[in-house]
Amino acid sequence: MMHESSDAVRVLPVTAFDLGVLAELHAAIFKAPWDQPWSVQSFAEILAMPGVQGWLMISGETPIGFMLARFTLDEGEILLTGIVPQERRRGHAAHLMRILFDHARAAGIASMFLEHAAGNEAAGALYGRFGFSPIGRRRAYYERRGGGREDAITLRCDLSVRDIDRQGVPHK
């Protein structure tokens, strides 16, 4: 199913044909000197896992972002998401979140989980806007290029008590 946003950005389901595009996007999105880019093989392994779904966001003919999630029984997990730097702060990540929540509810998902790097305040703000709350911290979880490590913040959102309005704002 294709999703259309108000600014004519298309969102398509991820397929095995998108592995190279996902690897290129990941390298562009997470290109800070401390991040390790994922390979085509890494994405192939993730997409082969049971319950994994993904969405690729395209502006014109240019891929600009993606989201991967896994649904198991009544729980879901956002595995990885990102928007290329030049397209950030335009509502694209929120659009992907609304699509994720629609698919999660249709699949009977009651709770969503994720983790993000402790220093990624923009991610924390986005997820907080969608009703995610911190439930834990994984010390030195992310290994960074050059040997550094960064904590991960673990978040949870209870979908069974939330409704998302047309602007993507959750409420009880």
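Less than 5 angstrom separates the built amide H of F132 from none of the residues sequence-distant by 5 or more or on a different chain.
Once every DSSP H run of n ≥ 4 in the chain is given -39500 (n - 2.57) and the sum is divided by its residues, what mean residue ellipticity at 222 nm do you get, rounded to the nearest 500 deg cm²/dmol?
Numbers: 4 runs with 43 residues, N = 172.
Calculated at 222 nm, the ellipticity per residue is -7500 deg cm²/dmol.
Using the beta-carbon distance between R89 and A27 and R0 = 25 Å, what value does 1/(1 + (r/R0)^6) give for FRET efficiency, to the nearest 0.05?
Values: r = 21 Å, r/R0 = 0.83.
In this case the efficiency is close to 0.75.
Given springs between every Cα pair under 10 Å in a Gaussian network model of the chain, which of I109, I135, I64 has the largest fluctuation? Highest fluctuation of the listed residues: I135.
Stick to the Cα atoms of the range 3-171, pair each with every other, and give me the Kirkwood hydrodynamic radius in Å at one decimal.
About 16.4 Å, per the Kirkwood formula over Cα pairs.
In a simple Cβ point-charge model (Lys, Arg +1; Asp, Glu -1; nothing else charged), the chain has a dipole of about 440 debye relative to its Cα centre.
Applying both filters, DSSP loop and at most 16 other Cβ atoms within 10 Å, to the GluC sites (Glu not before Pro) of the range 8-89 gives E61. In this structure the amide hydrogen of V52, modeled in the peptide plane, comes within under 5 Å of the amide hydrogens of F71, none closer than 5 places in sequence on its chain. Between the listed residues I83, V9, A48, the Cα displaced farthest toward the positive end of the dipole of the chain, a dipole computed from Cβ unit charges relative to the Cα centre, is found at I83.
Among beta bridges identified by DSSP and lying wholly in the chain, the antiparallel ones come to about 95 percent. 3J(HN,Hα) along the range 82-90, derived from phi through the Karplus expression 6.51 cos²θ - 1.76 cosθ + 1.60 where θ = phi - 60°, amounts to x, 10, 4, x, 6, 10, 6, 6, 10 Hz, with x in place of Gly and Pro.
A short reminder: the numbers here are calculations on the coordinates, not readings from a lab. Owing to the predicted nature of the structure, the values given are computational and were not obtained by experimental measurement. FYI the Cβ positions are ideal-geometry reconstructions off the backbone, even for glycines, and counts take in every protein chain you see.
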